[in-house]
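The next block holds one structure in the form of structure tokens; read it before the comments.
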Amino acid sequence: MAGAAHCSLRTKRLLLDPKFEGYKLSLEPLACYQLGLDAAVAEVKLRDDQYTLDHMRAFGMYNYLHLDSWSQDNVYYVDQFGRVMNLSVTLDTALQKPREVFRLPTDLTACDNRLCASIHFSSSTWVTLSDGTGRLYLIKSGKRGNSASEKWEIVFNEELGSPFIIAHSVSFVKSDMHSVAVLLLRVEKDELDTKGSGFHITLEWVTIAAISKEGDHRYEILKRRFLQGKSVPHYAAIEPSGDGLMIVSYKPFKFMQNEDNKLEENNDAKATNETKDPLYYWQQTEDDVTVTVHIPQDITKDDIKVHFSPDNICVTLKDQPPLVEGKLYSSVDHESCTWIIRENKSLEISLIKKNEGPRWPELIVGDTRGEFIMDSSQCSEITESLMHLTSEVMNPNPEKENPPCNAQELEECDAFLEDSASLCRFDGDTLKVTHVINLGSNQYLFSVVVDPREMPCFCLRHDVDALLWQPHSDQPENMWEHTATFNALGYVQASKQDKKFMACAPDYSYAALCECLRRVFIYRQPTPLSTVLYNRKEGRQVGQVAKQLVATLEANDPILGFQATSERLFVLTTKTLFLIKVNSGN
């Protein structure tokens, strides 16, 4: 990641509430509606050879319910007959049965190693679809949500190798050419990995474009690029312009280069190795500095010119550009400085310090081509000076008022499996990382589409809160904007050990999570009270309160899908689709 800009996420203080007192359990009833499905959801259970945590994250925890962010009253799922089913909500109390909008041409049961079918809505009229067998479909859907205008038509389909799921897709126009970029995710066997899980993760970035040939207008693959990593990404999305890619992952991803790039990369590596040896070595005492420079065999004393000044040094061989030149870290007595040629064809320069005592951290300001060599007496001296800062026991002075942090005092919900996730932005042309953020202990929670024309937002835990971040790929100075805060949600969700999915409303009015079976928890943003409420402990009036609501579904089947809109929650089980009315519409 050399050359990448190391950035940080800047929180907006106005969106934080340090006085948040917690959620109050509300017993207000939630309107819950349910629809029986004609056919069960096409759930694909993990096989015996899909045993790793990455398989579970990518496929075992897959969200089978797809929300159309371009038309938020519409959800889609694929049933066991390969039908793409749509539920369009106009009135909660008069729900229509899900209707078929498309049927996959292939027999899903015929493929032994298939994955779950996946859908992504690239724009208001374009859809990308995978049948889970390795075939990708690009579909022109017409205006969705309206049975009169919605007609799904295949404009491109191709076998792209081993089975995958669609992670993200975007539709864009560049140079008057319509393109759709799709991100495909695979978990593949890695024969070279003998110490790890034995698998690696591949992200394939495919660009499909409308190409006109001899009057024939058709869609073809323009580019296929591959990234590889060792953990399933928490978040992976293509920029709306198709120029870049953002990934949040525990372990880094890198592009698999083609042969030309590999050759170029090897040449760069070779050049780096050639200049790897230090140009000079230097040592110092309290009084002087000794510099040793290796010189070619054919160089004589007459070919060497060494110029000393109180603050600078310049070493030249023959008529070549200066070999060593620059401003010294500190002043020297230039009239007492000397140089000689040793028998091993090295040039030895002695510099006399003007100010005795202080150690120089570098010889020439900003020059990293030299290497400092410390003798054993100096090492011993430094070790002794640091001895008072170290100890062989965890807490050598237990009576001390502020002992060091004791990991045993941490609560279970403060411990993360992954403590070094990073957010990387890749450039689509150079295939290199341009921006990187070390997320540290800011645990990834979920993603949500707030504006379908922008990239999906991602939610991270910051201390006890959950903060929502909106990427802006077209704003280099404000590439990740803090847009909302869900107070104490980071802490609350950590206590839900059976949680499966998390989501929030696009208008930030509430966040929600569901367990594997039945229960759904809803956390509303604080709202002003219509009546007077006092905090008895502190004797002050409480101006607003945040409510927690709990819904228990009448279902014995596990939850397979979970989506949130500003008004309602959609919850999908094997044979039933539930709607929970959270907010009333305007």
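What to note about this one:
- Where strands (runs of 3 or more DSSP E) fall wholly inside segment 531-574, the ranges with 3 or more residues that are of a type in the set (Val, Ile, Thr) and either modelled with pLDDT under 60 or surrounded by fewer than 19 Cβ atoms within 10 Å (Cβ to Cβ) (or both) are 540-552.
- Selection from segment 211-232 of residues that are within 18 Å of residue 193 (Cβ to Cβ) and in contact (Cβ under 8 Å) with a residue 40 or more places away in the chain: 227, 231, 232
- Qualifying residue in segment 404-421 (condition: at pLDDT 90 or above and open to solvent by 60 Å² or more (accessible area, probe 1.4 Å)): no
- Within segment 155-199, the residues that satisfy the criterion of being small (Gly, Ala, Ser) and in contact with a Gly (Cβ under 8 Å, 6 or more places away or on another chain) are 161, 162, 179, 181.
- Within segment 305-321, the residues that satisfy the criterion of being open to solvent by 60 Å² or more (accessible area, probe 1.4 Å) and not acidic (Asp, Glu) are 305, 307, 312, 318, 320, 321.
- Selection from segment 263-285 of residues that are surrounded by 10 or more Cβ atoms within 10 Å (Cβ to Cβ) and either at pLDDT 75 or above or not in a helix (DSSP H, G or I) (or both): 278, 279, 280, 281, 282, 283, 284, 285
- Search result, residues across segment 331-359 that are buried (at least 16 other Cβ atoms within 10 Å of the Cβ) and over 19 Å from residue 369 (Cβ atoms): 332, 334, 337, 352, 353
- Taken over segment 575-586, the criterion of being within 13 Å of residue 77 (Cα to Cα) and assigned to a loop (DSSP other than H, G, I, E, B) is satisfied by 575 alone.
- The lone exception for residue 114 - which of (1) open to solvent by less than 10 Å² (accessible area, probe 1.4 Å); (2) under 31 Å from the mean Cα position of the chain (by Cα) it fails: (1)
- Contacts under 7 angstrom Cβ, first residue in segment 137-154 being closer than 22 Å to residue 184 by Cβ, partner modelled with pLDDT under 85, 6 or more apart: 141/150
- The numbered conditions (1) within 25 Å of residue 68 (Cβ to Cβ); (2) among the hydrophobic types (A, V, I, L, M, F, W, C); (3) in contact with a helix residue (DSSP H, G or I) (Cβ under 8 Å, 6 or more places away or on another chain) are all true for residue 486 except (3).
- Subset of segment 353-366 (residues that are closer than 10 Å to residue 284 by Cα and in a strand (DSSP E or B)): 353
- Odd one out for residue 93 among (1) part of a helix (DSSP H, G or I); (2) modelled with pLDDT of 90 or more: (2)
- Every listed requirement among (1) under 18 Å from residue 565 (Cα atoms); (2) open to solvent by 30 Å² or more (accessible area, probe 1.4 Å); (3) not basic (Lys, Arg) is met by residue 51 save one, (1).
- Selection of segment 450-474 for residues being part of a strand (DSSP E or B), without any contact (Cβ under 8 Å) to a residue 40 or more places away in the chain and not polar (S, T, N, Q) yields 457, 461.
- Tally of residues being open to solvent by less than 30 Å² (accessible area, probe 1.4 Å) and of a type outside the set (A, V, I, L, M, F, W, C) across segment 194-209: 5
- Evaluation of residue 145 against the conditions (1) at pLDDT below 95; (2) under 30 Å from residue 54 (Cβ atoms) shows that the sole unmet condition is (2).
- Qualifying residue in segment 166-187 (condition: on the phi < 0 side of the Ramachandran plot and part of a loop (DSSP other than H, G, I, E, B)): no
- Taken residue by residue, segment 30-37 has at least one member that is open to solvent by 30 Å² or more (accessible area, probe 1.4 Å), at pLDDT below 95, in a loop (DSSP other than H, G, I, E, B) and hydrophobic (A, V, I, L, M, F, W, C).
- Among (1) touching a residue at least 24 places away in the same chain (Cβ under 8 Å); (2) in a loop (DSSP other than H, G, I, E, B); (3) loosely packed, with under 15 Cβ neighbours inside 10 Å - the single one residue 45 does not satisfy: (1)
- Residue within segment 61-70 that is surrounded by 15 or more Cβ atoms within 10 Å (Cβ to Cβ), over 27 Å from residue 126 (Cβ atoms) and touching a Leu at 6+ places or on another chain (Cβ under 6 Å) present: no
- Test: residue 109 is assigned to a loop (DSSP other than H, G, I, E, B) and either out of contact with any Asp or Glu (no Cβ under 6 Å at 6 or more places or on another chain) or not aromatic (Phe, Trp, Tyr) (or both): no
- Those residues of segment 210-254 which are basic (Lys, Arg) and open to solvent by 40 Å² or more (accessible area, probe 1.4 Å), in sequence order: 213, 218, 223, 224, 230, 251, 254
- Residues of segment 124-139 that turn out to be open to solvent by less than 10 Å² (accessible area, probe 1.4 Å), more than 26 Å from the chain's Cα centre (by Cα) and modelled with pLDDT under 95, as a count: 1
- Of all residue pairs spaced 6 or more apart or on separate chains, those with beta-carbon atoms under 6 Å, a first member in segment 26-41 that is touching a residue at least 12 places away in the same chain (Cβ under 8 Å) and over 20 Å from residue 581 (Cα atoms) and a second member that is outside any strand (DSSP E or B) and open to solvent by less than 30 Å² (accessible area, probe 1.4 Å) are 40/574; 41/64; 41/574.
- Within segment 2-16, being open to solvent by 50 Å² or more (accessible area, probe 1.4 Å), in a loop (DSSP other than H, G, I, E, B) and closer than 23 Å to residue 458 by Cβ holds for 8, 10, 11, 12, 16.
- Selection from segment 475-506 of residues that are open to solvent by 60 Å² or more (accessible area, probe 1.4 Å) and either modelled with pLDDT of 95 or more or part of a strand (DSSP E or B) (or both): 499
The values are calculated or read from the model by the stated rules, or taken from the named source; none is laboratory data. Keep in mind that what you see is a predicted model, and the values were worked out from it rather than measured. Don't worry about glycine lacking a Cβ; one is built from the backbone with ideal geometry, like all the others, and counts go over all protein chains shown. The area values use the complete protein model at the heavy-atom level, side chains included, leaving out ligands, DNA and RNA. Shrake-Rupley method; radii C 1.70, N 1.55, O 1.52, S 1.80 Å.
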